[in-house]
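The values are calculated or read from the model by the stated rules, or taken from the named source; none is laboratory data. This structure is a prediction, so every number in the text was calculated from the model and none was measured. No Cβ is skipped: glycine too gets one built from the backbone with ideal geometry, and neighbour counts run over all protein chains shown. SASA here: full protein model, heavy atoms, side chains in, ligands and nucleic acids out. Shrake-Rupley method; radii C 1.70, N 1.55, O 1.52, S 1.80 Å.
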Amino acid sequence: MRIGHGYDVHRLTEGRKLILGGVDVPFERGLDGHSDADVLVHALMDALLGAAGERDIGALFPDTDPRYEGISSMLLLREVMRRLGEKKLRVGNADVTVLAQRPKLKDHIPQMRENLARAMGVPVERVNVKATTEEGLGFTGSGEGIACHAVCLLEE
Ligand code: MG
């Protein structure tokens with residue numbers, strides 16, 4: 001077994017969609033970034049790459065590369081899975097925690113899990129998504145941004 005951890009933060013800003021786990025979440029602001037800024041998928045990819053010993057998404061998909069401008073992070077996740085497949089690594093499970101004061105994400109979590117499981121080619125039971133607030137504290141509490149942690153196990 002190989003363990004991986006990923007962490008990412010994106011700033012909330014006007015005039016952007018809020019995409020989390022491949023779900024277009026209705027909200028008055030969205031996450032800023034070069035791609036679709038799906039912070040949840042970014043943290044998950046870094047966990048997967050970390051477990052595989054494959055550096056990180058910044059190295060793999062640089063934000064200076066125009067090919068990745070506005071790209072769906074779910075497509076990047078599929079590319080990460082392709083690389084894992086080349087190394088004969090399979091996902092044991094992944095567990096993701098989103099830190100956001102608002103909006104409430106509970107109702108969107110089943111769809112996020114389905115999207116992630118489909119992109120990763122694993123049963124939905126192997127992908128867990130949780131959401132929590134930070135009690136109004138810090139940058140997630142003030143609504144400046146959304147953060148996400150992810151851990152995963154890969155089987156060789
Ligand atoms: Mg990111």
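Report yes if some residue within segment 121-134 is in contact with a strand residue (DSSP E or B) (Cβ under 7 Å, 6 or more places away or on another chain) and farther than 29 Å from Thr13 by Cα; otherwise report no.
yes
Pick from segment 67-94 the residues that are open to solvent by less than 30 Å² (accessible area, probe 1.4 Å) and of a type in the set (Gly, Ala, Ser): which of them is farthest from His5 (Cα to Cα)?
Looking at residues that are open to solvent by less than 30 Å² (accessible area, probe 1.4 Å) and of a type in the set (Gly, Ala, Ser), I get Ser73.
Residues are listed down the side, and each one gets a yes or a no for (1) at pLDDT below 95; (2) at negative phi; (3) among the basic types (Lys, Arg):
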| residue | (1), (2), (3) |
| --- | --- |
| Arg102 | no, yes, yes |
| Leu105 | no, yes, no |
| Pro110 | no, yes, no |
| Leu116 | no, yes, no |
| Ala119 | no, yes, no |
| Glu135 | no, no, no |
| Gly145 | no, yes, no |
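Okay, residues lined up against (1) open to solvent by less than 20 Å² (accessible area, probe 1.4 Å); (2) outside any helix (DSSP H, G or I); (3) more than 9 Å from the ligand (Cβ to nearest atom); (4) not polar (S, T, N, Q):
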{"residue": "Gly6", "(1), (2), (3), (4)": "yes, yes, yes, yes"}
{"residue": "Leu12", "(1), (2), (3), (4)": "yes, yes, yes, yes"}
{"residue": "Arg16", "(1), (2), (3), (4)": "no, yes, yes, yes"}
{"residue": "Ile19", "(1), (2), (3), (4)": "no, yes, yes, yes"}
{"residue": "Glu28", "(1), (2), (3), (4)": "no, yes, yes, yes"}
{"residue": "Leu44", "(1), (2), (3), (4)": "yes, no, yes, yes"}
{"residue": "Ala47", "(1), (2), (3), (4)": "yes, no, yes, yes"}
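For Thr64, indicate whether it is surrounded by fewer than 23 Cβ atoms within 10 Å (Cβ to Cβ), among the hydroxyl-bearing types (Ser, Thr, Tyr), over 17 Å from the mean Cα position of the chain (by Cα) and not in a helix (DSSP H, G or I).
When the stated conditions are applied, Thr64 passes them.
Test Val39 against the stated conditions and say whether it is open to solvent by less than 30 Å² (accessible area, probe 1.4 Å), touching a residue at least 40 places away in the same chain (Cβ under 8 Å) and more than 14 Å from the ligand (Cβ to nearest atom).
It is false that Val39 is open to solvent by less than 30 Å² (accessible area, probe 1.4 Å), touching a residue at least 40 places away in the same chain (Cβ under 8 Å) and more than 14 Å from the ligand (Cβ to nearest atom).
If we keep just the residues of segment 49-63 that are among the small types (Gly, Ala, Ser) and more than 25 Å from Ile109 (Cα to Cα), which is farthest from the ligand (Cβ to nearest atom)?
The extreme case among them is Gly53.
Answer yes or no as to whether Leu84 is under 19 Å from His149 (Cα atoms), out of contact with any Ser or Thr (no Cβ under 7 Å at 6 or more places or on another chain) and touching a residue at least 12 places away in the same chain (Cβ under 8 Å).
Taking the combined requirement at face value, the residue does not satisfy it.
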